[in-house]
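Laboratory data are not the source of any read-out in this text; all were calculated from the coordinates shown. Model, not experiment: these values are computed from the prediction. Using ideal geometry, Cβ is built from the backbone for each residue, glycine included, and neighbour counts are taken over all protein chains shown.
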Amino acid sequence: MSISFQRTFWISIFLISIATTSISPAHAADDDAMARSPDHSTIVTVLLYPVNRILDIFDIFRINVGFGPGYGINVRATKALQVGVESYETFRVGLGKESGIWNPRYGVVYTEAEPFTAGASLAYMGGRQRGAMEVGTTVHLGIIGAEGAIDLAEIADFVLGFVLIDFKEDDH
C-alpha cells in the first residue's frame, strides 16, 4: 500500500469511529454544552464531510449474491412499480443497505429472508428492505441468487450532500 493511501485509510477510520461513537449518559451535561456550541457542529460537519460523501455513494447501490433455499424473481422500477414472486432465506455477500453484521448501515455479509410474497405494483407487499425509489431486480433459484439495484433517492441525496442538504438524514 502506498503511504498516502494508508494515511487516507486511517484518517477515514478515525473519522468514522468519532462519528459512530455514542456519548454515555454520564456525559449528558457535556453533550448539551457541545450541542449549544456553534463551533462544534461546524467542526464536526467539516471533518465528516468527505466521510459522509463516501457513505452516500454506498447508499446508492445494492449488488450481492445470496446462498440459501428458496425461489424468486422480482423486477422493480420503484417500490410502487414492481412485479414478482419470492420466498427465500439467504446468506448474502455484497453491498446491501440497512442490514448487515459488518456495519448496520451497509452489509457486506448479512442474512435476508423474504417470506412468500407475490403480486404487482402496490399490491406487492414484499421487499421491505428495498427503498421506495429503488430500481433493480432480484433472482433466486434453488440455493443461489443474485440482486442488483440502484436507489434514485440515494443518488439525489448524494448530489445534494455536496451543498450540505441531507434529506435522507443519514449523515453523521
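According to the Kirkwood expression over distinct Cα-Cα pairs, how big is the hydrodynamic radius of the stretch 54-172, in Å?
14.5
Under a point spin-label approximation (7 Å from Cα along Cα-to-Cβ), what is the residue 73-residue 162 distance to one decimal in nm?
My value for the distance between the label points is 3.9 nm.
Considering only DSSP beta bridges with both partners in the stretch 61-152, what is the antiparallel share in %, to the nearest 5?
In the stretch 61-152, DSSP labels about 100 percent of beta bridges as antiparallel.
For residue 172 and residue 144, FRET efficiency with R0 = 30 Å and r from the beta-carbon atoms, rounded to 0.05?
Efficiency computed from Cβ-Cβ geometry: 0.25.
Return the sequence-ordered ³J(HN,Hα) values of the stretch 120-133 in whole Hz as given by the Karplus equation 6.51 cos²θ - 1.76 cosθ + 1.60 applied to θ = phi - 60°, using x for Gly and Pro.
So the J values, rounded to whole Hz, are 9, 6, 5, 6, 7, 9, x, x, 4, 7, 8, x, 5, 10.
Could you work out how far the C-alpha centroid of the stretch 114-168 sits from that of the stretch 51-70, in angstrom?
Cα centroid to Cα centroid, the span is 10 Å.
Describe numerically, in nm with one decimal, the distance between label points set 7 Å from Cα along Cα→Cβ at residue 43 and at residue 80.
4.5
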